[in-house]
Amino acid sequence: MRVLLIHPVHEEPAGGPQPFRFINIMPVGIFSLADVLDRAGHQVEICHLGLRRALDPDFDLGAYAAGTAPDLVGISLHWHPQLHEALSAAAEIRAALPGARVVLGGITASLLAEELLTAMAEVDFVIRGDGERPLLELCQHIGGGRGLEGCANLLWRDRDGVVRASPEQWIAGEADLGAWLRPELMPEAEQYRPPYYFMPDDPAGAYSGTDVFYLVAHRGCPHACDYCGGCRGAQKILRNGAFTRFSPESLLSGARQALATGRDRIYLLADNSVLGDEIFVELAQGLAGEAEPPRELHLDVYRLPEPAALRAVRRALPDSAIVVHCTPEAGSDAFRALRRPRELYFTNEDLERFLRTADRVGVSSVVYCSLHPAAPPAEIEALGRLAGEVLARPGRRVCLSVLDLDLHAPWAVEPERHGLQEVISGLPAYLELDRRRSREGTRYPRDLGYAYPHLREDLALLGREVDLGALDNHRFLAYACGL
Ligand code: B12
Ligand code: SF4
């Protein structure tokens with residue numbers, strides 16, 4: 001069977017108020033899906049729609065699909081800013097190739113599955129949660145060898161238009177995973193080295209410019225940070241709350257696959273509050289054995305790691321740049337205690353101690369903060385102060401962002417508890433948010449999905465405290481400049 005897996009990106013048009021491309025990084029699991037299908041004998045191809053269009057401005061998805069004639073088209077809808085493009089892609093496929101079945105997957109598709117199937121005739125199926133075995137079973141169904149009820153994690157419309165869900169919720173274990181990278185299953189893989197955001201002046205060049213390869217040490221999350229749509233509440237729906245850890249060997253094999261294709265900046269995101277700091281040390285020590293270790297190793301930590309772990313990572317890879325990414329979110333200890341769960345909490349003093357250790361050991365750091373919609377002025381000032389203090393020493397960066405309202409995030413589920421008055425919910429509201437953005441650009445205060453009435457004042461305050469030019473969050477700057 002022929003399967004085409006499509007990754008749509010969010011495009012804010014050139015000439016619009018805030019032209020940029022976003023969601024350029026594919027879900028890390030997409031190669032795993034493709035690999036599992038390939039090993040089962042199916043013909044699979046991954047198509048990164050943004051990259052294809054950047055390489056060939058005349059690329060026509062419908063004509064391409066009609067030419068390659070896939071039996072099944074899988075569209076990744078992991079991040080909600082992909083909604084508009086994902087559904088446009090589904091419509092183009094349906095118009096060009098009415099016989100092909102269209103399945104959506106990823107976090108956003110999973111959380112909006114019933115609504116998507118009810119409202120969108122061009123979507124035949126949604127796979128909720130992990131996709132490896134369910135996609136394989138869906139291929140068997142299309143080939144005539146399996147009933148829909150027998151495909152795990154699947155939702156579909158029956159003849160009367162009623163949405164049905166298969167009874168089995170399947171959760172991937174480590175043994176079920178495919179490869180972290182299969183470049184030969186993606187024709188444009190060589191050029192797939194995308195940055196986070198970029199302006200569309202030179203899309204082809206921008207897509208080829210970054211060699212970061214992402215590894216995630218687990219699936220699932222037991223925590224509940226206020227803004228997070230992948231928190232334990234969402235994980236209950238996605239994976240029945242299961243937490244699956246990947247072994248250091250698996251992560252090392254992913255890193256090796258990336259290094260073998262010249263991607264020499266490895267980024268590991270790991271919940272070290274569950275897995276321990278050893279996960280970072282083990283990867284670094286494993287990479288030390290490589291003929292050409294990575295140029296950079298980025299470690300995205302859930303809680304601040306112990307100094308001994310930092311030193312061990314540094315010792316293992318003396319010639320690589322090591323960058324630790326940590327997330328205090330809030331500027332003050334008191335406000336942080338409201339935003340981050342207890343098990344991930346640390347004080348500003350802890351943070352400063354950690355950053356000084358990192359400075360001493362020769363490890364760079366990136367510190368992430370975000371503006372909370374209901375932050376009182378004192379908290380905004382504290383955030384500015386914290387950013388200023390972090391930036392006072394070389395080798396450190398601050399990433400300051402304004403967050404969208406993500407589906408099933410704690411502050412979307414219980415807005416009042418988080419000081420929010422108006423929040424959007426449901427497919428039509430997210431579609432409208434996404435569509436309006438693509439047409440008009442994002443305009444404060446209401447285009448993030450919730451009311452954020454004080455933003456102008458907040459930004460002015462922040463501008464006084466820190467040099468905005470020193471902050472590296474493209475999107476934040478784009479918003480700020482657009483005011
Ligand atoms: C790791 C991570 C990242 C990493 C790596 C992401 C990646 N490449 O996958 C980095 C740091 C790059 C990242 C970036 C962002 N992230 Co993030 N990230 C996560 C995190 C913590 C874990 C994701 C994960 O482990 N997935 C599990 C992996 C192994 O599997 P998978 O890739 O999801 O794929 C499986 C299934 O989803 C499914 N599937 C996926 N696609 C498809 C397609 C088809 C057809 C099918 C059938 C199945 C299927 O099958 C796969 C295999 O089983 C989640 C929070 C959480 N706990 O879930 C947030 C999260 C996914 N991120 C989020 C956000 C908002 C972002 C950013 C937009 C942040 C920003 N403002 O910049 C960017 C987007 C960057 C981009 N795409 O260009 C949100 C998404 C909310 C939403 N509903 O839209 C989450 C939920 C956190 C939050 N803030 O709420 N992120
Ligand atoms: S932001 Fe918090 S809730 Fe979300 S994945 Fe990370 S630790 Fe889990």
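Descriptive notes on the structure:
- Conditions (1) free of Cβ contacts under 8 Å to residues at least 60 places away in the same chain; (2) within 12 Å of ligand 1 (Cβ to nearest atom); number of the one not met by D264: (2)
- Residue count, the range 207-255 (criterion: in a loop (DSSP other than H, G, I, E, B), of a type in the set (S, T, Y) and more than 12 Å from ligand 2 (Cβ to nearest atom)): 3
Rundown of residues vs (1) buried (at least 20 other Cβ atoms within 10 Å of the Cβ); (2) within 16 Å of ligand 2 (Cβ to nearest atom), yes/no style:
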| residue | (1), (2) |
| --- | --- |
| R94 | yes, no |
| L104 | yes, no |
| I107 | yes, yes |
| S110 | yes, yes |
| A113 | yes, no |
| M120 | yes, no |
| G129 | yes, yes |
| G144 | no, no |
| G147 | no, no |
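- Given (1) closer than 27 Å to R219 by Cα; (2) in a helix (DSSP H, G or I); (3) of a type in the set (F, W, Y), number of the condition F346 does not satisfy: (2)
- The set of residues in the range 334-354 being hydrophobic (A, V, I, L, M, F, W, C) and either without any contact (Cβ under 8 Å) to a residue 40 or more places away in the chain or outside the structural domain of A382 (by TED's automatic domain parsing) (or both) consists of A334, A337.
- Given (1) assigned to a loop (DSSP other than H, G, I, E, B); (2) within 16 Å of ligand 2 (Cβ to nearest atom), number of the condition A374 does not satisfy: (2)
- Test: residue in the range 87-94 that is assigned to a strand (DSSP E or B) and modelled with pLDDT of 95 or more: no
- Checking each residue of the range 120-128 against the condition of being in a helix (DSSP H, G or I) and within 10 Å of ligand 1 (Cβ to nearest atom) gives no match.
- Test: D271 is more than 9 Å from ligand 2 (Cβ to nearest atom) and acidic (D, E): no
- Scan of the range 51-69 for residues that are surrounded by fewer than 24 Cβ atoms within 10 Å (Cβ to Cβ) and touching a residue at least 60 places away in the same chain (Cβ under 8 Å), ordered by number: R52, R53, L55, A65, T68, A69
- R133 being of a type in the set (D, E, K, R), farther than 23 Å from I23 by Cα and in contact with a strand residue (DSSP E or B) (Cβ under 8 Å, 6 or more places away or on another chain): no
- Unique match (being surrounded by fewer than 24 Cβ atoms within 10 Å (Cβ to Cβ), assigned by TED's automatic domain parsing to the domain that holds A63, outside any helix (DSSP H, G or I) and touching a strand residue (DSSP E or B) at 6+ places or on another chain (Cβ under 6 Å)) among W156, W170: W156
- Top-ranked residue in the range 413-426 [being without any contact (Cβ under 8 Å) to a residue 12 or more places away in the chain and among the acidic types (D, E); ranked as surrounded by the fewest Cβ atoms within 10 Å (Cβ to Cβ)]: E416
- Selected residue (only one of R265, R182, R193 is in the same structural domain as W411 (by TED's automatic domain parsing), basic (K, R) and buried (at least 16 other Cβ atoms within 10 Å of the Cβ)): R265
Here's the yes/no breakdown for (1) out of contact with any strand residue (DSSP E or B) (no Cβ under 8 Å at 6 or more places or on another chain); (2) under 21 Å from R397 (Cα atoms); (3) more than 16 Å from ligand 1 (Cβ to nearest atom); (4) assigned by TED's automatic domain parsing to the domain that holds L383:
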{"position": "E306", "(1), (2), (3), (4)": "yes, yes, yes, yes"}
{"position": "R315", "(1), (2), (3), (4)": "yes, no, yes, yes"}
{"position": "V324", "(1), (2), (3), (4)": "no, yes, no, yes"}
{"position": "T327", "(1), (2), (3), (4)": "no, yes, no, yes"}
{"position": "S332", "(1), (2), (3), (4)": "yes, yes, yes, yes"}
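- Given (1) within 21 Å of L433 (Cα to Cα); (2) touching a Cys at 6+ places or on another chain (Cβ under 8 Å), index of the condition E12 fails: (2)
- When each of A387, A378, A429 is tested for being buried (at least 16 other Cβ atoms within 10 Å of the Cβ) and among the small types (G, A, S), the lone residue that passes is A387.
The values are calculated or read from the model by the stated rules, or taken from the named source; none is laboratory data. Bear in mind that the values here come from a model prediction, so they are computed numbers and not experimental data. Neighbour counts are summed over all protein chains in view; Cβ atoms, including those assigned to glycine, are modelled from backbone coordinates with ideal geometry.
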